[in-house]
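To start, the structure under review is shown below, and the notes come after it.
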Amino acid sequence: MIEFDNVTKRYGKTTAIDSIGLRIPERGIYCLLGRNGAGKTTFMKLLAGHIAATDGTITAEGKRVSPSRMPECVNYIESGSVQFNMRVSDLIYTAAELQDGFDRGFALEMAARFELNPRKRYKQLSFGMKTMLTTIITLANNTRVILLDEPTLGFDAIMRDQFNTLLLESYHAHPRVIIVSTHLIDEIAKAAERLIIINNGSVLLEAGIDEVDEKAYTLSGRAKTVLPLLDGLNCIGKTVAGSVMAAHIYDERIAPPEGVSLDRLSLQDFFINIVGGKGNE
Amino acid sequence: MNKRVWAIAKLNLKNIKTAYFVTGLLLVTMIVQIVIDVVLAMKGHYLGDNSGISIGWFFWVAVALAAVLIPARNFKRVANLGGKRDGFRRGGFTVYAVLSGATALASTVVYYALDRTMFQSGKYGYMLSAPDVFGWASYGAIAVFFQQFAFLLLFAMFVHTLTSIQDKWYGWAADIAIVAIISVFTPIAPLRAVLAAFFRTILFSSPPLQIGVCLILTAALYALNKLIYARKAI
């Protein structure tokens, strides 16, 4: 469905995306993770045809993507995007006029559910509400690929929870590829099925959330007991406090010996260790 | 016309309020001045030596500002509502055609209703108007409208194109080239003649030639915009 073939994007001397090769063959909710400046937004802009790749090819549904050939099947709106200072209802109606397959009923229903006052102008909305409106406008399009860039930026805990519900409802109504870039890993894991981690412009990992949940764990115990266990295991980080060690693993689970405990590694800790963990091997 | 192109045109027309505001302000200022002149003339003051510029010119400001605001401000906003590049290009052209038509019509009406009837008597002074300056009036009212329309459309497309490339190196190169052409061509007689011939053709020539050349250049700029917008980052 989506393919990045050795794609590089440079801004002057800065390489934002470095020879990425990635295939997204099937529908699902994908969580795109990466530190600030890792290349997430560039990845999305490239896929949407908003910017041109420096090298390599991107295809969506078999068609090559570029700014002159923006894919009809991809819908992307940048986070914190500027909008016309129109009423919420007018923005939704205008988006419906501009986009084929825009579900105006869904957008208006979601706006009502999230208490977006349809009479308020865009500039009168809070930061979180602006983000919500952009997210609703993006999700209301029935294109086969939806890209959401930091869709929960500025949301409070309740709104973030509601967003997950909105995401799942939208997906069940129109199953498709939804790629969500976020920093709130554990929250999006409630909705997402697969994980793509980008670091320094490269894809570090593409795996199912369940697979990560199964393979990411921590072995804790006395260092002299834990250290020998790490041979042959993919250790993504270690924390040592005196004679006690916690080793973070991304590998098949092992049966820990006596004196060593095996605990599930949260997605957040897994992410921290895999992109910036000390003692990566 | 494509439904989406018209939707983008409407969106652009609604969202160039700065252009309407500035034009409106200038028009109000001019109207106030005319009212004062009329009152003074009615009280016996001699205004025959006064000269000013016609209200008709001020409508041109709306076209010029729209051609800056649409590419500079509205392009990203249209894209953020799901508008496509090609729709934006075509929608923008539709706006310039509508605004150029409306401006040419308003300016023609002002010329015949105000400039020619009121000011050519000399009682209130003299008004410098585009149809007189460029000689369009000598071909009749229809020529005044269409010659003005063709020139304004070309002018709008030129400003739109130049504004659209300001975020690229070739935009700056184009700015420098324009300044260089004017400053180098003006003092050198043979080159000045070329520059003068160009402006004579697009402004002062007979209606078929002037309208034809303006529309051909507009079409060329429109085609150039296809290349520009195919590469423009959102």
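The values are calculated or read from the model by the stated rules, or taken from the named source; none is laboratory data. Treat the numbers as computed from the prediction; the structure is a model and nothing was measured. Glycine gets a Cβ as well: all are built from the backbone with ideal geometry, and neighbour counts include every protein chain shown.
Things to note:
- Subset of the stretch A:119-130 (residues that are away from chain B (no Cβ under 14 Å), surrounded by 14 or more Cβ atoms within 10 Å (Cβ to Cβ) and not in a helix (DSSP H, G or I)): A:K120, A:L125
- For the stretch B:128-162, a tally of residues being of a type outside the set (F, W, Y) and not in a helix (DSSP H, G or I) returns 4.
- Filtered residues of the stretch B:1-29 (kept if polar (S, T, N, Q), more than 14 Å from every other protein chain (Cβ to nearest Cβ) and more than 18 Å from the chain's Cα centre (by Cα)): B:T29
- Filtering the stretch A:72-118 to residues that are without any contact (Cβ under 8 Å) to a residue 12 or more places away in the chain, more than 10 Å from chain B (Cβ to nearest Cβ) and of a type outside the set (A, V, I, L, M) leaves A:G105, A:E109, A:E115.
- Matching residues, the stretch B:73-90, being more than 15 Å from A:N85 (Cα to Cα), of a type in the set (D, E, K, R) and at the interface with another protein chain (Cβ under 8 Å from one of its Cβ atoms): B:K84, B:R85
- Condition met for A:I146 (of a type in the set (A, V, I, L, M) and farther than 30 Å from A:A246 by Cα): yes
- Single residue of A:F43, A:F4 found to be part of a helix (DSSP H, G or I) and at pLDDT 90 or above: A:F43
- Being part of a helix (DSSP H, G or I), more than 30 Å from A:T138 (Cα to Cα) and touching a residue at least 12 places away in the same chain (Cβ under 8 Å) is true of A:I274.
- In the stretch B:14-44, the residue that is surrounded by the fewest Cβ atoms within 10 Å (Cβ to Cβ) out of those that are part of a loop (DSSP other than H, G, I, E, B) and not charged (D, E, K, R) is B:G44.
- Every residue from the stretch A:47-66 that is buried (at least 16 other Cβ atoms within 10 Å of the Cβ) and under 26 Å from A:L166 (Cβ atoms): A:L47, A:A48, A:G49, A:H50, A:A60
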